[in-house]
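> Here it is, the structure, as structure tokens.
The values are calculated or read from the model by the stated rules, or taken from the named source; none is laboratory data. Not measured: the values here are computed from a predicted model. Here Cβ is always computed from backbone atoms with ideal geometry, including for glycine, and neighbour counts include all displayed protein chains.
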Amino acid sequence: MISVIDHSAIQHVQTGQIEYDAGSTLGPRTQSGLQIVMLDRGSVRITTNADTKILRPGAMVIQRPGGRELFQFDAEEQSSHRWIAFLPKSRASTCWIGDLSSLEAKEPIETPVMSRVFELVHRGSTPNATKLSSSPASIMLAVAYLTAMIEQVDIGAVTTPAPRLPTPLQRMATFIESHSSEPVTLKTLAEAAGVTPSYLIRLCRKHGLPTPIRQLWDMRISKADQLLKSTGLTVNEIAFRVGFSNPYHFSRMYKQSTGITPTRSRHIAWND
């Protein structure tokens, strides 16, 4: 049933986990992609247009594109939730994920199988952070999970060919994805890749990739962009969580990369 999903139109799969203090809210915002939300702790009331769902720990729900949604977390205790977001290559596309009518029922869902696969998709994620991946393996695994969630059936292993970039570049990419929020230098990236800094730069140029440090900043901006659109964290909190030393540097680089300020980006995403 994976053929139900047009995975070729998916640019990225983003996973994340965020903890909210008692009484916190997220939104109102307009959901730009398709997202699976799972509650780990506490409770959350999700109001989408005129529909309301209450999630308890272990329950999952599908949030569809175009919905106007508000998350209201438990008033008395800290809540924590994770998500898998499917980000299309083009926001203008209206058919990137096939027929969404089959998502009307069967939610919230709470089964051991779904929880185990959710853990697999989230492997390598860290608390209060996001993980953005464009690798075919990650996309196919997440698509298989979504299909299983729609059909409420178990799924088997999903395998795809490994990327063909040289091993040092693969090592560097993996390191950046896992450590982008930490203090990182060119020397650090070269050590993670197992080569010298100058050779690492030459490899990037040879394969048409940005410089190692540029890839690091791009990853930080990408993670910040998703936090802006997917959480209620303040701009200052997001800046520090993705690895910027101060919010002013973050805002300047975010605008250089996207053409708009972080605050404006969130406003557009939530009110589109």
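> Pick out the one residue from Tyr199, Tyr254 that is aromatic (Phe, Trp, Tyr) and farther than 26 Å from Ser24 by Cα. Reasoning before the result, please.
Values: Tyr254 fails: farther than 26 Å from Ser24 by Cα.
Residue meeting the stated conditions: Tyr199.
> In region 246-272, which residue that is assigned to a helix (DSSP H, G or I) and of a type in the set (A, V, I, L, M) is modelled with the highest pLDDT? Working first, answer last.
Taking region 246-272 first, the residues assigned to a helix (DSSP H, G or I) are 247-258, 262-271.
With the extra rule that they be of a type in the set (A, V, I, L, M), the set shrinks to 253, 268-269.
Details: Met253: 91, Ile268: 85, Ala269: 82.
Here the answer is Met253.
> Can you find even one residue in region 193-203 that is in the same structural domain as Arg241 (by TED's automatic domain parsing), at pLDDT below 90 and in a loop (DSSP other than H, G, I, E, B)? If you could, list the steps in order and put the result at the bottom.
Initially, region 193-203 is screened for residues in the same structural domain as Arg241 (by TED's automatic domain parsing), giving 193-203.
Narrowing the set further to residues that are at pLDDT below 90 leaves none.
No, because not a single residue in region 193-203 is in the same structural domain as Arg241 (by TED's automatic domain parsing), at pLDDT below 90 and in a loop (DSSP other than H, G, I, E, B).
> Gly243 is checked against (1) assigned to a loop (DSSP other than H, G, I, E, B); (2) farther than 26 Å from Glu19 by Cβ and fails just one. What number does that condition carry?
Every listed condition holds for Gly243 apart from (2).
> Quick one: what pairs do we get from region 159-171, first residue surrounded by 10 or more Cβ atoms within 10 Å (Cβ to Cβ) and at pLDDT below 80, second in a loop (DSSP other than H, G, I, E, B) and polar (S, T, N, Q), C-beta under 7 Å, 6+ apart or different chains?
Pro163/Ser135
> Here are some conditions: (1) of a type outside the set (A, V, I, L, M); (2) out of contact with any Asp or Glu (no Cβ under 7 Å at 6 or more places or on another chain); (3) buried (at least 19 other Cβ atoms within 10 Å of the Cβ); (4) touching a residue at least 60 places away in the same chain (Cβ under 8 Å). Gly243 meets all but one. Which one does it not meet?
With (1) of a type outside the set (A, V, I, L, M); (2) out of contact with any Asp or Glu (no Cβ under 7 Å at 6 or more places or on another chain); (3) buried (at least 19 other Cβ atoms within 10 Å of the Cβ); (4) touching a residue at least 60 places away in the same chain (Cβ under 8 Å) applied to Gly243, the lone miss is (2).
> Could you list, in sequence order, the residues of region 254-272 that are under 12 Å from Ala224 (Cα atoms) and crowded, with 17+ Cβ neighbours inside 10 Å?
Tyr254, Pro262, Ser265, Arg266
> How many residues does region 42-63 contain that are assigned to a loop (DSSP other than H, G, I, E, B) and surrounded by fewer than 16 Cβ atoms within 10 Å (Cβ to Cβ)? Even if it seems obvious, please write down each step before you answer.
As a first pass, look at region 42-63 and keep what is assigned to a loop (DSSP other than H, G, I, E, B): 42-43, 49-50, 56-59.
Within this subset, residues satisfying the condition of being surrounded by fewer than 16 Cβ atoms within 10 Å (Cβ to Cβ) are 49-50, 56-57.
The number of residues fulfilling the criteria is 4.
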